[in-house]
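Undergrad: This is the structure I have questions about; it appears just below.
A short reminder: the numbers here are calculations on the coordinates, not readings from a lab. Being a predicted model, the structure only gives us computed values, none of them experimental. No Cβ is skipped: glycine too gets one built from the backbone with ideal geometry, and neighbour counts run over all protein chains shown.
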Amino acid sequence: MESQTGIRPFAIVTGASRGIGAEYARALARRGFDLLLVSRNKDRMNRLALELTGRHRVQIDSEALDLAEPEAAHRLYVAARQRRPTVNLLINNAGFGLFGEFVEMPMARIQEMLRLHVNTVVESVRLFLPGMIEQRSGAIINIASIAGFFSVPYLAEYAATKAFLITFSEALAEEVRPFRVRIQVCCPGSTETDFHVTAGFKPKNPLGTQHAAVVVDASLAALERGPTLVLVGWRGRVISWLSRCVPRTILVRAAAARMKPSG
């Protein structure tokens, strides 16, 4: 994605302090994007900003925001407009997992997940999309998960929010296609980040894990002319096949057996 005016393109990356978000920041800085990094962890963002500005001739700003709070999308929009009048690329990456029996989950954490994965993403897209439509250019990447293709006991609300992101993104992509705006939903499998530590479980994944940089490379390579739905590598193809060809009752019971907490 190149600027038509000679001004460097501008991207927002949420959940940018680590994992997939940090890899998006590194990849976009290499491509000449100015960046607004968004996360709760200001120290990590500052270290990443120093790393990127030391390697690339780009401007890196950061904004400490808890995107699970009400009205977070509006605060993000204001922070972006303070930097640049238009956004070329918005990456909605911030998220977290909750592992365990649903009835044992703290209500506050369930509400935070729903706000972060659903409310804030939808509200952010609604705020930033009109400017992209007006400019007849721009892109939004929503980070979902292969979990969104399945009903996953003990990750029930996480998988459900990711399923929402998949269908929301696919529908919206068709709405904005005439305006030359791209919507992508990227669905990583098990990735080498600290997601599982935060969620509170150790995965037993027979397909193994992938590096966050592999996810980002596949996503950005598909952004210009690729599909709306991005599955990463052979693992993504296997998951797609399973979701289409194996009866859902078998899949959900198998997932329950694999995911059930010990004790």
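Undergrad: Return the sequence-ordered ³J(HN,Hα) values of the stretch 173-189 in whole Hz as given by the Karplus equation 6.51 cos²θ - 1.76 cosθ + 1.60 applied to θ = phi - 60°, using x for Gly and Pro.
TA: Computed from phi, the couplings for the stretch 173-189 are 4, 6, 4, 9, 3, x, 9, 6, 9, 9, 10, 10, 10, 9, 10, x, x Hz.
Undergrad: Follow-up. Can you give me the long-range amide H partners of A139? Hydrogens built in the peptide plane at 1.01 Å from N, cutoff under 5 Å, separation of 5 or more residues or another chain.
TA: L89, L90, R182
Undergrad: Using the Cα atoms as the points, what is the convex hull volume per residue of the chain in Å³?
TA: Convex hull of Cα atoms, per residue: 124 Å³.
Undergrad: What does the charge dipole of the chain about its Cα centre add up to, to the nearest 20 debye, if the Cβ of each Lys and Arg holds +1 and the Cβ of each Asp and Glu holds -1? Write down the numbers at each step before the final one.
TA: Values: 33 positive and 23 negative charges, 119 e Å.
It comes to approximately 560 debye.
Undergrad: Treat each spin label as a single point 7 Å out from the Cα along the C-beta direction, and report the L223 to E174 distance in nm.
TA: The modelled label-to-label distance comes out at 2.5 nm.
Undergrad: Roughly how tilted is helix 233-245, in degrees to the nearest 10 and between 0 and 90, from the longest Cα axis of the chain?
TA: Tilt of helix 233-245: around 50 degrees.
Undergrad: If exposed trypsin sites (Lys or Arg not before Pro) are those in a DSSP loop with at most 12 other Cβ within 10 Å, what is the longest stretch of the chain that has none?
TA: In the chain, the maximal stretch lacking such sites is 58-135.
Undergrad: While we're here: Along the Cα→Cβ direction, 7 angstrom out, place labels at A27 and F96. What is the inter-label distance in nm?
TA: Spacing of the two 7 Å Cα→Cβ label points: 2.5 nm.
Undergrad: I would also like to ask the following. What residue among C186, A213, T161 has its Cα farthest toward the positive end of the dipole of the chain, where the charges are +1 on Lys, Arg and -1 on Asp, Glu, each on the Cβ?
TA: Positive-most Cα among the choices belongs to A213.
Undergrad: Convert each backbone phi in the stretch 65-73 into a coupling constant with the Karplus relation 6.51 cos²θ - 1.76 cosθ + 1.60 (shift: θ = phi - 60°), then list the ³J(HN,Hα) values in order as whole Hz, x for Gly and Pro.
TA: Computed from phi, the couplings for the stretch 65-73 are 9, 9, 6, 8, 8, x, 6, 5, 4 Hz.
Undergrad: Around L229, which amide H atoms from residues at least 5 apart in sequence, or from another chain, sit under 5 Å from its own amide H, with H modelled in the peptide plane?
TA: Correct list: V185.
Undergrad: Convex hull volume of the Cα atoms in the stretch 113-172, per residue, in Å³?
TA: Expressed per residue, the convex hull around the Cα atoms of the stretch 113-172 is 67 Å³.
Undergrad: Something else: Along the charge dipole of the stretch 88-142, which of I133, F102, L116 sits closest to the positive end, that is, farthest toward it, with unit charges on the beta carbon of Lys, Arg, Asp and Glu (+1, +1, -1, -1)?
TA: I133
Undergrad: Which FRET efficiency value, to the nearest 0.05, is calculated for I110 and R81 with the Förster distance at 30 angstrom and r the Cβ-Cβ distance?
TA: The calculated FRET efficiency here is 0.45.
Undergrad: Ordered by residue, what ³J(HN,Hα) values in Hz, to whole numbers, does the stretch 142-147 give under the Karplus form 6.51 cos²θ - 1.76 cosθ + 1.60, where θ = phi - 60° and Gly and Pro are x?
TA: 9, 8, 9, 5, 5, 4
Undergrad: Efficiency by 1/(1 + (r/R0)^6): what FRET value for A256 and I7, r their Cβ-Cβ distance, R0 = 45 Å, to the nearest 0.05?
TA: 0.30
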